[in-house]
Amino acid sequence: MTAQPTADLLYTPDEEDLRRSVRKLLSQKATPEANAAVYDQPLEGVAPVWGELAGVGLAALLVPEEHGGAGATAREAAIAAEELGRNVAPTPFLTSAVIATTVLAHAGATDRLEALAAGESVAALALPFSARTLPAPSVTADGGRLSGRITSVAGAPGADLLIVPVVDGATTRLHLVDVGSEGVTVTPVLSLDMTRQLADIELTGAAGEALEGDASAAVEAGLLTGAALLASEQLGVAEWCLETTLDYAKTRHQFGRPIGSYQALKHRFADLFLDVSLARAAARYAADCAARGDADLAVAASVAQSFCSAVSVKAAEECVQLHGGIGMTWEYPAHLYLKRAKADQVALGTGAAHRAALGGLVGLPPA
Amino acid sequence: MTAQPTADLLYTPDEEDLRRSVRKLLSQKATPEANAAVYDQPLEGVAPVWGELAGVGLAALLVPEEHGGAGATAREAAIAAEELGRNVAPTPFLTSAVIATTVLAHAGATDRLEALAAGESVAALALPFSARTLPAPSVTADGGRLSGRITSVAGAPGADLLIVPVVDGATTRLHLVDVGSEGVTVTPVLSLDMTRQLADIELTGAAGEALEGDASAAVEAGLLTGAALLASEQLGVAEWCLETTLDYAKTRHQFGRPIGSYQALKHRFADLFLDVSLARAAARYAADCAARGDADLAVAASVAQSFCSAVSVKAAEECVQLHGGIGMTWEYPAHLYLKRAKADQVALGTGAAHRAALGGLVGLPPA
Amino acid sequence: MSDDAQLVRERTETLLRAHPPQSTEDGDFLAAQYDAGLAWVHFPEGFGGLGLGRDLQSQIQAQIAEAGGPAALAGINGIGIGMAAPTLIAFGTDGQRRRYLRDIWSGARICCQLFSEPGAGSDLAAVATRAVRDGDEWVVNGQKVWTSGAHKADIAILVARTDVDVPKHAGLTYFMVDMHQPGIEVRPLRQITGEAEFNEVFLTDVRVPDADRVGDIGQGWKVANATLNNERVAIGGGARQRETGMIGIVAGAWRDDPALRRPEMHDEMMRLWVEAEVLRLAGMRLGQQLAKGAPGPESAAMKLGFARHAQTLSGFEIELQGEEGLRFDEWAMKRPDHVDFNGRGPGYRYLRAKGNSIEGGTSEIMRNVVAERVLGLPPEHRVDKDMPFKEMPR
Amino acid sequence: MSDDAQLVRERTETLLRAHPPQSTEDGDFLAAQYDAGLAWVHFPEGFGGLGLGRDLQSQIQAQIAEAGGPAALAGINGIGIGMAAPTLIAFGTDGQRRRYLRDIWSGARICCQLFSEPGAGSDLAAVATRAVRDGDEWVVNGQKVWTSGAHKADIAILVARTDVDVPKHAGLTYFMVDMHQPGIEVRPLRQITGEAEFNEVFLTDVRVPDADRVGDIGQGWKVANATLNNERVAIGGGARQRETGMIGIVAGAWRDDPALRRPEMHDEMMRLWVEAEVLRLAGMRLGQQLAKGAPGPESAAMKLGFARHAQTLSGFEIELQGEEGLRFDEWAMKRPDHVDFNGRGPGYRYLRAKGNSIEGGTSEIMRNVVAERVLGLPPEHRVDKDMPFKEMPR
């Protein structure tokens, strides 16, 4: 057991300011109808709302000031993630502004960060979105030319820059690949959560810019920060579901009474409120650890993923169920949150995978 | 997948007759006060009610007619188990009349069965009650003299005959040990469920009658039949808890209404009713498989243990909770059922252990 | 074989001889089956039946199937055959029976059900669609929802409000409605899966002859309940093989694809396998009870169990599939002929299973039913029971 | 340091000089602390306080502790110090305050609480114990239950019914009662664990001077609620270390005893570890909110979370321990001084944890509280609100 410093688990006034501006922008520019539209008409390129969000600094949060960024911390990024969970707008925030940005910063590819911070460039780490850790790479290099296939990469549709782990003898090296270049095919695929669509990437002798050093540390940092902040997104999803369902239960009448007056529902709401409260503490701790570079980050991220991913799914499922028929319709936005919550549960490792990993971290092996 | 014959999952009129006679006898001779008394004054020997139950044939059910038994099947024994779950009287039915009897019959020690059938003798299989399968024996034989220690043996207090697995080179042999004889010490221990108290057995050069053949098959048969019928006992526990709590909820008033009129409780009762209904099907199938010697018995027993043990604990926990304060008192019998249910969950293997084993049986390995 | 069984056997033979399935159109055969009293053998003579025991029907269908004849159209006209027809027998006039029963059985007229409304889901008696008397006709206005097959239906069974001044249960009336008339607009209702299994139906000044009113004015709640009870008869037993249905897909994936297996998910895999098996056994047990003429009170609870299981299992499947669980097979808006959980991917199963605890009575309503009708617990406090409909808070 | 803090610091120094802890009996020191206005510093002068901010009390206690002085007796006289005293300040007369407060603080008189009854558990306002006026006295008859410490108590706070003709909340009155008098019988109430932490208290013609009535006749519900709200202030924060409490025992067993580990139980082990950690973090967060003077609405829900966790974890521990989980350490009827989950075996923890969702408000009541007061959902339908107590179905 490492000792735990007393983390700050509250929201600072500055963080609340950031939340307000992001929420306001999203409420104007990312309506439920617009968010749902991507299921029938997948985006080509990046959603226009991302430009607006980058405009208020969301793309720059995790980029150091010396590279044109805001030099903020994972705490502020977590606020953005919460709001992007409350709204489920299709944006590359998690994949580009969190994961890819963290990987590039750790790998020393700082020359790419300024364009990312400005929202002019969008990057994606070329791994299946379900990966909790760096898997054995499926891409090989032959005389500087990359070949191979990576499936189900989140954030790849619309990205102009791919960060590709490549086999290099016994180690793995990262290569930067520009999407427009020859031998690079990015094929978007239908996804359970179309608000964060996946793509399959095919490289056939593509040009790659090799980065120095072993890829593992940079990729691990990206995935770990991603998992920590995904918890805040899951918290946002859960909050929206709880609040929206509560509002509905107070107004929807059946048998002459608001359905929220039925005790069985009241008790489920109380249990869900508890779970969301607990998820908030877990997500906040993970964000704070990431912000402070605390050695406890790996534990905090897996705790948060184990707990928040389940709460988010539960909240979304209760949202659909307690809305009854209306919750099952395409017209009502509940389904967008259910799909996001369920996809987020698999993203960056399932809860069970995080618990298995946690066992190793805290000295509780399976056998 | 083996094909499943259409088992008879109902109760026959004869089985209902048996149930009535057992229930009537227990209601007269095994009051909640008497059952609770064993916590303060552990039994010396076997509870008198066992003599009465043996008198109506419960000890003889699984003994073949040619050995002085009733030649009934596991279906009838399951009825007795259900009733002994509904009453939680301290009797050696499961340990002696089911498990030990099955082991002796399979091991060919038929000369001991007549006394068991008559209720004149009580036997116990000398294994920890938590064992799902035969563990490596802790007793060795030296020139026919047995030495070793076996802990937490259910049914050993009050038994006159012990069936002891003993290391014999590479295999395990069963030895019969008379409790009164020299070098045999049976020390009852405080148990979570005092209505089926455990004992530690110490053998120091005790005389044993070795049985022919390898012990594994006979012990496995005993434990398997035991697990199958324990499910019926768990069903009985769950039924008592559900019915008793329902009755209480209909009469106990708080805030001017019966507590059973509160929807949150109604919904929990509905869920519990479903679970008990499912447990009944599972227990009945396991009993029927045991009765027919069906090859599916191992699957049926593990399915039943996985499901019924959890339902029984859930029902007992709901019983305590929904009774409120009164459920926490020593005076009210709910605690007897909670302790029985919880001990039964560990007995003959936990639900998780049965599920792990089931994976092997149905071709679903863990990795 | 009983005398009745013998009689029915012979009449079916005669039917098959007179209308050899090999050379008869299905619709014609079914019409002839109706005329022979072999459609609903328990219905009265002259209305598709012979007034015999209901259990003989399966014998008839087996005999026809063996000879290569058509099955009953319960699949495509389930609402007509299973709900409208018995309701007409119980509450209809002879004229209505003659007008509809033969066409329903033969498939000449497909039927849909106009019951649920946006404001009347669990609380079905709260329907607000109005029917106002105008001479020999009624004028109907309102909106219905969750209507399966409305876009293919020729007729509908409709519950509408004919009196707003009495408590809600007392002001309803039941009608048969021609779906091919002006004022009826059917719009597909797209669901969470992307498909539209159901419709919304908008009724604007739709005219219904009083001759198509089923039962008395104000008796609609009683008639509708008879219909819904017929719906519930269908559920129950049938001895399925182990690993039938969704569990077969999930366990099969675990069994056949070692790369999918995760030790940390094994206990949950087995827990779900056990739950599937226990539900199968309980269904078997219910079937055995039913066969003995003693249907168990458990059947009301089984719907809860199936919904819980389908939802947990399909949720688990997505996690088990991992990367594959993040992908989806088809979002295009389609109008499926029937629901097939097993012909689509894990994502579809997961989303579609969410409906299992809503359609045909939400799990919340089913728990009330089990608690009150099976377990005898006190009913919910009802504020609207004696309140005129127009004063009801909605 | 603020002026108030400075003042309090100096007064405490003076107290410590005048009554050196090393040579003063604890009781005498505490009495002197009361006299110096340093017992409840936020109480009025003359009643153990100085009318200053409540937050200064922790500074005083720290200063006394540092000098080797005694801690407040909140452990053995928690009901007196935490509940009776603030209630007397809010509702008592000066005479009552003088009579009781000093003795409560110094531990000269231990206090217990006579609220719950067999028929009034969750529905505390349904107490049936009668108090009938007889001149300057009240005559009390009835039965109380779940009274901790009654066998060691000198005084009790009592809620009794003084009027059965008005609705239940309106007919209650609050009293201070001398426990050393005829007519009071205290019987140990044995629990599921074999121990008796609590008592039943039988009151037969117990005489209470009207001078010991706290608040007006019929105001008892309001006074009792003030008492209970004081009870709830105690809960909350405090940054505990990871794996503190029951999880430390269970995880420790898994870590230290490889023979106990079962791969099929690992995911559940980790799930419980995560739950413990998340509850710890949420407690920490609540503490931080409290420190900023903004107590979160989450606190009402936390009791639910702790109860659920303790019960699931202790149930898991029995299964993990296997054979050891089947054994038990002690069934003898004892009267423990305090509850220690961690000093006993797994069986005790499992059984005792069942009380966590009952004592201090059942989880069902807590869910109502969260749903209604935190989430703003409509209250339960109340049949008894305006009904005279004597007509209430019980």
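Read-outs throughout are calculated quantities, based only on the coordinates presented, and are distinct from any laboratory measurement. All figures in this text were calculated on a predicted structure; none of them were measured in a lab. Positions of Cβ are generated from backbone atoms using ideal geometry, with glycine treated the same way; all protein chains shown enter the neighbour counts.
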(message) At 10 °C and a viscosity of 1.306 mPa s, what translational diffusion coefficient does Stokes-Einstein give for segment A:13-121, taking Rh as the Kirkwood radius over Cα pairs? Give it in µm²/s as a whole number.
(response) 113 µm²/s
(message) Given N residues in segment B:217-361, what is its alpha carbon radius of gyration divided by 2.2 N^0.38 Å?
(response) 1.15
(request) Quantify how strongly other chains surround peptide D:342-352 by giving the mean number of their Cβ atoms within 10 Å of each of its Cβ atoms. (result) 2
(request) Largest first and to the nearest Å, give the Cα extent of segment A:75-149 along each principal axis. (result) 44, 28, 20
(message) Distance between the C-alpha centers of segment B:112-170 and segment A:291-306? Whole Å please.
(response) 51 Å
(message) For a quick check, take a GNM of chain A with Cα springs below 10 Å and name the residue from A:Lys29, A:Lys250, A:Lys314 with the largest mean-square fluctuation.
(response) A:Lys250
(message) Viscosity 0.890 mPa s, temperature 25 °C: what is the translational diffusion coefficient of segment D:88-191 from Stokes-Einstein with a Kirkwood Rh over Cα pairs, rounded to a whole number of µm²/s?
(response) 167 µm²/s
(request) Set the Förster radius R0 to 60 Å, insert the Cβ-Cβ distance between C:Arg187 and D:Ala108 as r into 1/(1 + (r/R0)^6), and round the FRET efficiency to 0.05. (result) 0.15
(message) I'd like the trypsin sites (Lys or Arg not before Pro) in segment D:8-85 restricted to DSSP loop residues with at most 16 other Cβ atoms within 10 Å, sorted by number.
(response) D:Arg54
(message) Please compute the modelled spin-label separation between D:Asp386 and C:Asn229, points set 7 Å along Cα→Cβ, answer in nm with one decimal.
(response) 3.9 nm
(message) Please compute the average number of Cβ atoms from other chains found within 10 Å of each residue's Cβ in peptide A:344-352.
(response) 5
(message) Place a point 7 Å from Cα of D:Asp165 in the direction of its Cβ. Which residues in segment D:380-394 have their backbone N less than 17 Å from it?
(response) D:387-392
(request) Could you work out how far apart the two model spin labels at D:Ser58 and D:Ser23 are, taking each label as a point 7 Å from the Cα in the direction of the beta carbon, and quote it in nm? (result) 3.4 nm
(message) Rounded, prolate or oblate for segment B:111-232? Axes are the square roots of the Cα gyration tensor eigenvalues, ordered a ≥ b ≥ c, and the cut-off for rounded is a/c under 1.5.
(response) rounded
(request) Run the quick spin-label model on B:Glu33 and C:Val132: label points 7 Å from Cα toward the beta carbon, then report their separation in nm to one decimal. (result) 7.4 nm
(message) If R₀ is 56 angstrom, what is the calculated FRET efficiency for the pair C:Lys292 and A:Ala217, using the beta carbon separation as r and rounding to 0.05?
(response) 0.20
(request) Using only the alpha-carbon atoms of segment D:3-106, report the extent along each of the three principal axes, biggest first, to the nearest angstrom. (result) 34, 31, 21
(request) With a length cut of 30 Å (Cα positions projected on each helix's long axis) and a Kyte-Doolittle mean of at least -1.0, go through chain A and give me the DSSP H helices that pass. (result) A:215-251, A:263-292, A:297-323
(request) Before rounding to the nearest 500, sum -39500 (n - 2.57) across all DSSP H runs of length at least 4 in the protein assembly as shown and divide by the residue total; then give [θ] at 222 nm in deg cm²/dmol. (result) -14000 deg cm²/dmol
(request) Let me have the relative contact order for chain A, percent, based on Cα pairs under 8 Å that are six or more residues apart. (result) 18 percent
(message) I'd like the trypsin sites (Lys or Arg not before Pro) in segment C:105-153 restricted to DSSP loop residues with at most 12 other Cβ atoms within 10 Å, sorted by number.
(response) none
(message) Based on C-alpha coordinates, I'd like the Rg and Dmax of chain A, in Å.
(response) 20.4, 74
(request) Only loop residues by DSSP count here, and only those with at most 14 other Cβ atoms within 10 Å; note down the GluC sites (Glu not before Pro) in segment B:134-241 that meet that. (result) B:Glu182, B:Glu212
(request) Whole Å is fine, so just give me how far the alpha carbon centre of segment B:331-367 lies from that of segment B:24-74. (result) 24 Å
(message) Defining the label point at 7 Å along Cα→Cβ, can you sort the distances from D:Arg335 to the same site in each other copy, shortest first, in nm?
(response) 8.0
(message) Ignoring solvent entirely, what values of log10 I(q)/I(0) come out of the Debye formula for segment C:132-273 at 0.18, 0.20, 0.21 Å⁻¹ when each Cα is a single scatterer?
(response) -1.07, -1.23, -1.29
(request) Using only Cα positions of chain D, each an equal point scatterer, no hydration layer, compute I(q)/I(0) via Debye at q = 0.09, 0.10 Å⁻¹ and quote the log10 values to two decimals. (result) -0.65, -0.81
(message) What percentages make up the Cα-Cα pair-distance distribution of the protein assembly as shown when the bins are 10 Å wide from 0?
(response) 1, 7, 13, 17, 18, 17, 14, 9, 3, 1, 0, 0
(request) Work out the mean other chain Cβ neighbour count within 10 Å for the residues of C:186-198 and drop it here as an integer. (result) 3
(message) If you split all Cα-Cα distances of segment D:347-394 into 5 Å bins from zero, what percentages do you get per bin, shortest first?
(response) 5, 17, 14, 15, 18, 15, 9, 5, 2, 0
(request) Find the relative contact order for chain D and round it to a whole percent, using C-alpha pairs within less than 8 Å whose residues are 6+ positions apart. (result) 13 percent
(request) Under a 10 Å cutoff between Cα atoms, tell me which one of C:Ile81, C:Ile60, C:Ile155 has the largest fluctuation in the Gaussian network model of chain C. (result) C:Ile60
(request) Round to the nearest 0.05 the FRET efficiency obtained for C:Glu330 and A:Thr133 when R0 = 30 Å and r is the Cβ-Cβ distance. (result) 0.40
(request) Name the most mobile residue of A:Ala170, A:Ala215, A:Ala279, meaning the one with the largest mean-square fluctuation, in a Gaussian network model of chain A with Cα contacts below 10 Å. (result) A:Ala170
(message) Over 28 Å between Cα atoms: which of A:Lys24/C:Lys334; A:Lys314/D:Lys385; A:Lys29/C:Lys144; B:Lys314/D:Lys390; A:Lys266/C:Lys385; A:Lys250/C:Lys168 fall into that group?
(response) A:Lys24/C:Lys334; A:Lys314/D:Lys385; A:Lys29/C:Lys144; B:Lys314/D:Lys390
(request) Please tell me the relative contact order of segment B:56-202 in percent, rounded to the nearest whole number, where contacts are Cα pairs under 8 Å and at least six residues apart. (result) 20 percent
